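Trainee: Input: one structure, supplied below.
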Amino acid sequence: MGKEGLDPSLFMVAGQAHLQNGDAKTAEEYFAKALRLDPSNARTQTALAVTHLAVGETTSALDELQNIA
């Protein structure tokens with residue numbers, strides 16, 4: 001469970017579903033929520049970086065990937 005008693009993996013699943021359906025902007029919102037609940041989750045950081053790439057936010061994507069490394 002995350003900081004607010006919410007399960008960040010639920011937000012991850014929602015983000016993945018939106019990303020697979022071509023809605024990268026909504027996916028980004030869900031991944032960001034998951035990351036706020038579990039900021040050290042590298043998988044969530046990677047998903048958010050991939051989503052940033054999908055919407056053309058290259059700088060944000062690179063920043064996310066550098067945070068993981």
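The values are calculated or read from the model by the stated rules, or taken from the named source; none is laboratory data. Quantities reported herein were computed from a predicted structural model and do not represent experimental measurements. Using ideal geometry, Cβ is built from the backbone for each residue, glycine included, and neighbour counts are taken over all protein chains shown. For the accessible areas, the whole protein counts, side chains as well, though only heavy atoms, and no ligand, DNA or RNA atoms are used. Shrake-Rupley method; radii C 1.70, N 1.55, O 1.52, S 1.80 Å.
Trainee: Mind listing just one residue for me: the one in the stretch 37-59 that is free of Cβ contacts under 8 Å to residues at least 24 places away in the same chain and in a loop (DSSP other than H, G, I, E, B) and, of those, nearest to the chain's Cα centre (by Cα)?
Mentor: Among them, the one singled out is Pro39.
Trainee: Just one of Leu48, Leu19, Leu35, Leu6 is open to solvent by less than 60 Å² (accessible area, probe 1.4 Å) and farther than 19 Å from Asn67 by Cβ; which is it?
Mentor: The unique qualifying residue is Leu19.
Trainee: The conditions are (1) in contact (Cβ under 8 Å) with a residue 12 or more places away in the chain; (2) part of a helix (DSSP H, G or I), and Leu6 fails exactly one of them. Which is it?
Mentor: Failed condition: (2).
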